[in-house]
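The values are calculated or read from the model by the stated rules, or taken from the named source; none is laboratory data. The model shown is predicted, which means the values in this text are computed figures rather than measured ones. Cβ placement follows ideal geometry from the backbone for every residue including glycine, while neighbour counts extend to all protein chains displayed. These area figures cover heavy atoms from the full protein model, side chains too; ligands, DNA and RNA do not enter into them. Shrake-Rupley method; radii C 1.70, N 1.55, O 1.52, S 1.80 Å.
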Amino acid sequence: MSKSLGNVVAPQSVTDTLGADILRLWVMTADTSEDLRVGPEILKQQGELYRRLRNTLRWVLGGLEGFSADEAVAYAALPELERWVLHRLSELGARVAGAVESHDWIGVYPELHAFCAADLSAFYFDVRKDALYCDAPGSPTRRAVRTVLDVLHRCLATWLAPVLCFTAEEAWQARFGDGDSVHEQRLFEASADWQDDVLASRWQAIRELRGVVTRSVEVQRNYKVITSSLQAAVTIKPKGHGGTNAFGDLLLDGWKDILIVSSFQVDLDGHMKPAFVDVKPDLPFDVGVDRAAGSKCARCWKVLEEVGESHRHPQLCRRCVAVVESGVTYRVAAE
């Protein structure tokens with residue numbers, strides 16, 4: 001910046017237009033080993049980064065509506081996906097703890113942003129929103145999700161508090177009330193039991209396979225075979241022996257959730273429709289995508305043949321009929 005050129009970015013003007021939190025975020029993401037650059041475009045990028053962090057906190061808070069400690073699930077009883085999230089938190093917690101000790105924060109908040117954008121919003125939240133929004137309040141999966149959301153809230157709020165001072169305080173008090181402050185809390189420390197490199201490697205492979213299948217689903221969306229992933233029935237056809245080993249021992253219903261489709265099966269008899277085979281020579285299986293059989297549930301939007309079985313609720317699937325007839329209601333907030 002040069003005073004004579006008039007290209008100075010005044011901190012007060014930034015806080016007046018974008019807020020102090022975004023200015024602090026720029027400071028903490030700047031690489032002090034190089035010349036520091038600041039300007040409207042750079043600050044705009046920081047604003048986008050900030051919005052992702054804030055929206056993640058909002059989504060977590062919405063999913064925690066009415067949560068109590070009695071609902072929490074012990075670590076050993078959590079599904080693999082939830083334990084994978086806790087593993088990622090253990091990695092990030094070590095990164096934050098290291099920054100506190102070394103005073104070197106370069107890259108820490110971009111890593112937190114990448115976690116919120118890629119691991120949470122684009123994957124975990126996307127997969128688990130069905131259980132969170134549509135399962136019965138007492139279902140084991142929904143309780144496990146909310147257990148992890150409780151930990152996520154405490155981690156993100158305390159880790160972001162030194163920089164996003166106002167935002168973290170707002171997120172903390174939205175849950176615990178004005179009488180409590182995030183700035184009186186210690187940085188959340190992840191349990192050493194959450195570190196599981198074997199599990200992390202397994203779920204890295206699962207996410208890679210998910211990407212392959214999801215691309216095939218998108219192809220069929222482009223061809224108008226389906227208009228949403230929940231209209232899809234996915235079939236995996238092995239190429240030779242052991243072609244399904246790449247999918248590990250995750251249950252078929254688990255893959256339906258991971259892929260966000262209404263039907264998933266493994267074709268061992270060669271019945272897959274050739275027109276829907278997405279051939280990939282470098283993979284040990286082909287992916288088939290067709291329209292799922294049945295009707296769309298008006299509540300969860302899955303396409304299932306069981307929709308219509310209930311005379312009282314002909315537009316709902318069995319799960320949604322059970323939840324609706326239980327009379328229990330709850331509220332969650334979308335991102």
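Annotations
- Selection within the range 121-132 - surrounded by 15 or more Cβ atoms within 10 Å (Cβ to Cβ) and either of a type outside the set (Gly, Ala, Ser) or in contact with a strand residue (DSSP E or B) (Cβ under 7 Å, 6 or more places away or on another chain) (or both): Phe123, Tyr124, Phe125, Val127, Arg128, Lys129, Asp130, Leu132
- Hits in the range 289-313 (condition: under 13 Å from Ala233 (Cα atoms) and of a type in the set (S, T, N, Q)): Ser295
- Scanning the range 4-24 turns up no residue that is open to solvent by 50 Å² or more (accessible area, probe 1.4 Å), within 23 Å of the chain's Cα centre (by Cα) and of a type outside the set (D, E, K, R).
- Filtered residues of the range 25-45 (kept if surrounded by fewer than 11 Cβ atoms within 10 Å (Cβ to Cβ) and among the charged types (D, E, K, R)): Asp31, Glu34, Asp35, Glu41
- Test: residue in the range 147-162 that is touching a helix residue (DSSP H, G or I) at 6+ places or on another chain (Cβ under 8 Å), charged (D, E, K, R), modelled with pLDDT of 95 or more and more than 19 Å from Ala200 (Cβ to Cβ): no
- Pick from the range 79-120, criterion of a type in the set (Val, Ile, Thr) and within 17 Å of Leu25 (Cβ to Cβ), ranking: most open to solvent (accessible area, probe 1.4 Å): Ile106
- So Val38, is it in contact (Cβ under 8 Å) with a residue 40 or more places away in the chain and β-branched (Val, Ile, Thr): no
- Scanning the range 158-191 for residues that are within 18 Å of Gly47 (Cα to Cα) and either in a helix (DSSP H, G or I) or among the polar types (S, T, N, Q) (or both) yields Leu160, Cys165, Phe166, Thr167, Ala168, Glu170, Ala171.
- Top-ranked residue in the range 201-236 [being hydroxyl-bearing (Ser, Thr, Tyr) and open to solvent by 60 Å² or more (accessible area, probe 1.4 Å); ranked as farthest from Val261 (Cα to Cα)]: Ser201
- When each of Ala190, Ala171, Ala157 is tested for being surrounded by 12 or more Cβ atoms within 10 Å (Cβ to Cβ) and in contact with a His (Cβ under 8 Å, 6 or more places away or on another chain), the lone residue that passes is Ala171.
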